[in-house]
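Shown next, in structure tokens, is the structure this report addresses.
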Amino acid sequence: MRGLAGTLLIQILRFALYAFLQVFVVSHVTPTGLFGLGWCFLYLGFLLFLPIATPIVVQLLLGFAMGISMDVFFDSGGVHAVATVLVAYLRPWVLRLLTPRDGYDASDSVNIHRMGWQWFGVYVVLLLAIHHAAFFFVELGGFRAVGLTLGKIFVSVLFTGLVLLIVQLVFFPAGRRSR
């Protein structure tokens with residue numbers, strides 16, 4: 001099950017699980033967001049937690065597929081697709097920026113237990129801030145109401161980041177740290 005077919009099957013199941021949870025669980029638990037100001041974009045966990053060695057073209061295709069899936073379900077006119085493709089495009093640069101002294105192993109995936117709290121926090125907050133800024137400013141159609149939009153970005157980054165942290169702690173194995 002370790003081969004290409006197994007990896008592909010696991011990623012398809014992860015894609016379906018994150019999309020399902022976003023559409024049928026998260027959107028119904030907080031339909032108007034957190035106090036009408038912050039939203040949880042759980043589906044970003046799919047992109048953020050991809051294996052580090054995933055080629056950028058595959059990341060872009062997966063980002064577009066996840067974003068357009070969310071746009072279809074939420075009738076949002078491409079806003080999710082724009083923001084997720086941007087995150088998929090910038091993820092390799094963020095990973096390069098945060099590369100540890102010894103580098104990454106070929107089999108590494110984003111895992112708080114392997115990478116550490118500080119690395120994980122910077123990685124998630126940076127990419128979530130990029131996604132949310134793109135999402136909310138494209139949704140708004142410009143830079144009107146900047147204060148409210150920055151508030152939405154801030155609260156949504158905290159909300160989504162906390163949920164993704166819980167996902168990491170509960171569902172990702174706590175193997176030995178190699179660094």
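The values are calculated or read from the model by the stated rules, or taken from the named source; none is laboratory data. Since this is a predicted model, take the numbers as computed values, not measurements. Every residue, glycine among them, receives a Cβ derived from its backbone with ideal geometry; neighbour counts consider all protein chains shown. The area values use the complete protein model at the heavy-atom level, side chains included, leaving out ligands, DNA and RNA. Shrake-Rupley method; radii C 1.70, N 1.55, O 1.52, S 1.80 Å.
In the range 27-139, taking the dipole from charged Cβ atoms about the Cα centre, the farthest positive-side position among S109, I56, V87 is held by S109. Helix 4-21 sits at what angle to the longest principal axis of the chain, using alpha carbons and giving 0 to 90 degrees rounded to 10? That works out to roughly 30 degrees. The heavy atoms of V72 present about 110 square angstrom of accessible area, all protein chains included, probe 1.4 Å. Apolar share of the accessible surface for the chain: 73 percent from carbon plus sulfur atoms, 1.4 Å probe. A straight chain from V125 to R96 at 0.36 nm per residue would run longer than the Cα-Cα distance by 8.9 nm.
The Cα trace of the range 104-179 gives Rg and Dmax of 15.3, 48 Å, the first to one decimal, the second as a whole number.
Couplings for the range 83-100, taken from phi via the Karplus curve 6.51 cos²θ - 1.76 cosθ + 1.60 with θ = phi - 60°, read 5, 6, 5, 4, 5, 4, 5, 8, 4, x, 5, 5, 4, 5, 4, 9, 4, x Hz in order; Gly and Pro are left as x.
Using Cβ point charges alone (K and R +1, D and E -1), the dipole size of the chain about the Cα centre works out to roughly 500 debye. In plain terms, the chain from V163 to F74 could stretch by 30.0 nm, reckoned as 0.36 nm per residue minus the Cα-Cα distance.
Solvent-accessible surface of the range 44-135, averaged per residue with a 1.4 angstrom probe and all protein chains in place: 44 square angstrom. Once the C-beta distance of A145 and S109 is scaled by a Förster radius of 45 Å, the resulting FRET efficiency is 0.75 to the nearest 0.05. Among the chymotrypsin sites (Phe, Trp or Tyr not before Pro) in the range 35-89, those placed in a DSSP loop whose Cβ has at most 13 other Cβ atoms within 10 Å are F35. Computed from Cα atoms, the angle from the helix 117-140 axis to the main principal axis of the chain rounds to 30 degrees.
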